[in-house]
Amino acid sequence: MDLSRLFREHIAKMTTNAAKTLAETGFDALVLGAGSQMVYYADDMEPPFRSNPHFASFCPLKGPHHAIVVKPGAKPRLIRWAPKDYWYERAPFAADFWTGEFEIDEADTASGVFKKIGALSRAAFVGDDEAGAAAAGFATNPEPLLRRLDWDRAIKTAYEIECLSRATVLGASGHTAAREAFLAGKSELAIHHAFVEGAGCTEDALPYPTIVCLDAKAAILHYHAKRATGSGKLLLLDAGAPDHGYGCDITRTWAAPSCDPKFKALIGAVDKLQRELCAMVQPGHSYVDIHLAAHRMIGEALIDHGILKCSLDAAIEKRYTSVFFPHGVGHHLGIQVHDIGGRQKSREGGVLPPPEGHPYLRNTRIMEAGQVFTIEPGIYFVEMLLEPFRANPGAGDFNWPLIDQLAPMGGIRVEDNVVVTEKGHRNLTREHLPS
């Protein structure tokens, strides 16, 4: 794909949306700050820098303190922060596929960036340097404007989808390398290293920390410790890779030949129902319906595999499925792994709350062409969630001997990244990682 052409179309769409937002909120100019570099408390060490996502959606330039000025009818201005510094290597700045879409200037201090922006009337600033913006006379992070920016970001351009696809190529390569390491009997730490090497990026560049779970650790949804010794019968790997600020978000669960055959069958069931949920993605339908369908499908799987001994209706009514599937079925994806605006009611703001009993569902919107989100059902054996049911009147609805047999394998999650198209969907993940 021609990134130059795609980015030109992307900027045209972004500036059009920005002009509409400015007109609706009474501003003449939009200033987007890349963000400030933080340091840990009482220390001079810096965590990995993450750009303000509103800045990053306009420009893939990495690093803090840059700014973009957007005015209707004018070419966007990029003021690049270029410090004079011999402590750190600064990436050389040269013409790239995106640079021709900006008027580019430089400043060697953060305050100098604001000086280069100059005086602007009725300007709105979006970013974390509220003190600098206020001193420049800009309105800082006005809520009506932010809500419109959040809403518009949910509809991805062809450029953004191409970046997500490219990230998926790297992520699929990383997952393949990690799977080979797992089947070779490697530790969680070694599997992590295999993923990073396979994806061809540094840890700091990953869109989120890898989740590398062997056996029982797969029951911890965000398990980040990586044991340096031991091997496992099951691997749950949740890991993504970056491209121009965008990141894929992929989860696979694989079993070694020595894994319990009943657990292997359950992995196959989750993979099958996950594909069925992806097939439900259609413009004009509610994402909530996919989440609720996931609970019914998971309930059926739990009953079919002998884990629950009640009817499907009883499993749903008594919320047994939430014991085994305690998170939402997915979230918006883009510049941020959990991209913003998933529960927003309209362009003006407001909240679409999740259904009662499903507090962790991050996306409640109607699906529209251009949205990108994850579909990630799972089945987990979390003792903290199971324990209250062991002694209650409904304990007989659970097959406790089988649950205790399967629990040492932890859990299962399968996650794909899906684009809503005009007539259906495109599964970015399965294009490069079929299983």
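Only the Cβ atoms of Lys and Arg (+1) and of Asp and Glu (-1) were treated as charged; on that basis the dipole of the stretch 278-381 about its Cα centre amounts to roughly 200 debye. Packing-based ranking of 333-340, 317-324 yields 333-340, 317-324, ordered from highest to lowest mean Cβ neighbour count within 10 Å.
Relative to the longest principal axis of the Cα atoms of the chain, helix 3-25 runs at roughly 80 degrees.
The long axis of helix 158-183 is offset from the longest Cα principal axis of the chain by roughly 40 degrees. Taking a ≥ b ≥ c as the square roots of the eigenvalues of the alpha-carbon gyration tensor, the stretch 93-158 is classed oblate because a/c is 1.5 or more while a/b is no larger than b/c.
One chain, two ends: Ser435 and Ala131. Fully extended at 0.36 nm per residue, the span grows by 104.5 nm beyond their Cα-Cα distance. Bridging of Lys116 to lysines at a Cα separation below 30 Å is possible for Lys13, Lys20, Lys62, Lys71, Lys75, Lys84, once same-chain residues fewer than 8 apart are set aside. For the options Ala124, Ala172, Ala42, a Gaussian network treatment of the chain with springs between C-alpha atoms closer than 10 Å singles out Ala42 as fluctuating the most. Surface exposure of the chain, expressed per residue as accessible area with a 1.4 Å probe, stands at 44 Å².
Here the chain is treated with +1 on each Lys and Arg Cβ and -1 on each Asp and Glu Cβ, and its dipole about the Cα centre works out to around 540 debye. Relative to the longest principal axis of the Cα atoms of the chain, helix 188-199 runs at roughly 50 degrees. Computed with the Debye formula from one identical point scatterer per Cα of the stretch 319-435, without solvent, the log10 of I(q)/I(0) at q = 0.09, 0.11, 0.22 Å⁻¹ comes to -0.35, -0.50, -1.21.
Once you sort the root eigenvalues of the Cα gyration tensor of the stretch 240-361 as a ≥ b ≥ c, which label holds: rounded (a/c under 1.5), prolate (a/b larger than b/c) or oblate (the other case)? Oblate, because a/c is 1.5 or more while a/b does not exceed b/c.
The stretch 1-49 and the stretch 234-248 have their alpha-carbon centroids 23 Å apart.
Taking the DSSP beta bridges in the chain as the whole, what percent of them are antiparallel, to the nearest 5? Expressed as a percentage, antiparallel bridges in the chain total about 75. Within the listed set Gly410, Gly118, Gly424, the residue fluctuating most in the Gaussian network model of the chain (springs between alpha-carbon atoms under 10 angstrom) is Gly118.
Shown here is the pair-distance distribution of the stretch 138-208: with all Cα-Cα distances grouped in 10 Å bins from zero up to the longest one, the shares run 18, 30, 22, 18, 10, 1 percent.
Please report the spacing between the Cα centers of the stretch 341-391 and the stretch 262-290 in Å, no decimals. About 14 Å separates the Cα centre of the stretch 341-391 from the one of the stretch 262-290.
Charge tally for His332 (other residues, Cβ to Cβ under 13 Å; Lys, Arg +1; Asp, Glu -1): -2. When the Gaussian network model of the chain links Cα atoms closer than 10 Å, the mean-square fluctuations of Thr364, Thr140, Thr168 top out at Thr140.
Only alpha carbons enter this Debye calculation for the stretch 54-133, each as an equal point scatterer, and the log10 of I(q)/I(0) it gives at q = 0.15, 0.19, 0.23 Å⁻¹ is -0.55, -0.89, -1.30. The residues packed around Val288, meaning those with a beta-carbon under 12 Å from its beta-carbon, carry a net charge of +1 if Lys and Arg are +1 and Asp and Glu are -1.
Taking the 1.4 Å solvent-accessible surface of the chain as the whole, the part contributed by carbon and sulfur is 55%. Each principal axis of the Cα cloud of the chain was evaluated for its coordinate range; sorted largest first, these ranges are 71, 45, 45 Å.
Our summary gives the chain a relative contact order of 15 percent, counting only alpha carbon pairs under 8 angstrom and 6 or more residues apart.
Listed by chain and number, the lysines whose C-alpha is less than 21 Å from the C-alpha of Lys186, apart from same-chain residues fewer than 8 away, are Lys217, Lys226, Lys233, Lys264.
If you look at the Cα atoms of the stretch 258-298, you get an Rg and a Dmax of 12.8, 45 Å.
The values are calculated or read from the model by the stated rules, or taken from the named source; none is laboratory data. For clarity, every value in this text was computed on a predicted model and none was experimentally measured. Neighbour counts are summed over all protein chains in view; Cβ atoms, including those assigned to glycine, are modelled from backbone coordinates with ideal geometry. Ligands, DNA and RNA are excluded from the accessible area calculation, which covers all protein heavy atoms including side chains. Shrake-Rupley method; radii C 1.70, N 1.55, O 1.52, S 1.80 Å.
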